[in-house]
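A.B. asks: To start, I am sharing the structure in question, which I have written as structure tokens.
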Amino acid sequence: MKAKSFAMLAVALMIGSAFLCCSLADANTSASDTENLELGKAYSKTFGSSSTSFYDSYYGYSGSVPGLSFTVVDMGTWGSQSLKYLSVSGTPTAVGTYTVTVNREGGGFDAFPYQYTDTITFVVTNPSYTVTYDGNGGTPGEASRTVTKGTAVTLPNASKENCTFLGWYTDPNGGSYAGGNGSSYTVNGNATLYAHWKSNTLSVNSVPVQYGVSGQSISFTVSASTDPSAAVTYSVSSNTVSNGMGTMNVSLSGNTITCSSVTVGTYSFTLTASASNYPSSSTTVTVQFAPVLQFMNTPTAGALNS
């Protein structure tokens with residue numbers, strides 16, 4: 001009876017040993033991994049650390065990735081087996097697909113060691129990003145531009161009626177200044193830039209009443225104020241003004257107006273100041289012509305009383 005029991009135990013141990021051997025043999029396979037990296041972005045990862053593959057040891061590798069460092073780190077031993085893992089870190093400096101092979105052994109028991117090769121594929125890409133131009137009430141010269149990371153683009157102009165373009169900013173109201181028309185802007189991620197504006201103002205200055213003598217011409221200058229500063233042009237509502245009794249001729253040269261009339265009376269016309277992309281401004285100009293004083297005899301002495 002005892003002999004039979006020992007025989008059954010021996011069979012069980014043999015079956016268990018065979019199962020254990022098969023389990024370790026099944027683990028004798030190669031593995032592969034693909035890592036997606038971004039050009040210029042820091043990367044760090046360990047392969048075969050104790051937290052994931054305690055019974056495996058990474059003892060060598062071949063291959064490289066520009067900008068990355070590969071280090072085999074010793075963790076100590078498990079029985080007579082040296083335990084190591086692979087540490088990879090750095091910043092990729094070149095776009096491309098790179099293959100690194102890693103030599104690994106394991107099992108944890110000297111009686112059942114195995115060896116195989118892992119393949120790690122590192123895919124380094126330079127992503128594309130889009131910078132979008134928001135007119136913020138105006139019209140941008142370009143809606144958007146998509147480029148690869150790190151590319152410098154030339155910022156466009158923008159237009160808005162009766163406004164001056166101040167440049168591109170990171171926020172519709174405030175934010176950081178990114179640049180003006182023609183400035184260089186480096187795209188490192190998706191971004192929206194907003195146009196900022198200053199309202200253009202123009203105001204023609206009032207003209208005091210002008211006095212002249214009938215039959216003679218009178219000249220005077222006019223002016224206007226602008227913000228921001230701009231070149232101003234002037235126009236008059238008519239070159240021939242009537243007051244119902246006579247007419248007055250009006251001519252304009254630059255900002256100088258010349259008026260003449262042979263008829264006594266008061267005349268009025270409209271003066272308008274304009275500038276490119278500015279609202280126009282107008283004012284009324286009044287000119288009075290008085291008669292010419294005439295003497296029957298040439299005075300020789302005394303005073304002229306009114």
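A short reminder: the numbers here are calculations on the coordinates, not readings from a lab. None of the values given here were measured: they were computed from a predicted structure. A quick note on method: Cβ atoms are made from the backbone with ideal geometry, for glycine too, and the neighbour counts reach across all protein chains shown.
A.B. asks: Counting Lys and Arg as +1 and Asp and Glu as -1, what is the net charge of the other residues whose Cβ lies under 9 Å from the Cβ of ASN277?
C.D. replies: Surrounding charge for ASN277 is 0.
A.B. asks: Per 10 Å bin, what is the whole-percent P(r) computed from every C-alpha pair distance within segment 128-199?
C.D. replies: The calculated distribution, bin by bin, is 23, 57, 18, 2.
A.B. asks: Further question on the same structure: Rank these for me by crowding, LEU39, LEU271, going from fewest to most other beta carbons within 10 Å.
C.D. replies: LEU39, LEU271
A.B. asks: Counting Lys and Arg as +1 and Asp and Glu as -1, each charge on the Cβ, what is the dipole of segment 128-199 about the Cα centre in debye, to the nearest 20?
C.D. replies: So the dipole magnitude of segment 128-199 works out to roughly 120 debye.
A.B. asks: If we restrict to alpha carbons, what Rg and Dmax does segment 122-243 come to, in Å?
C.D. replies: Values for segment 122-243 (Cα only, Rg and Dmax): 24.4, 95 Å.
A.B. asks: For segment 183-280, what size does the Cα cloud have along each of its three principal axes, sorted from largest down, in whole Å?
C.D. replies: Result for segment 183-280: principal-axis Cα extents of 75, 21, 18 Å.
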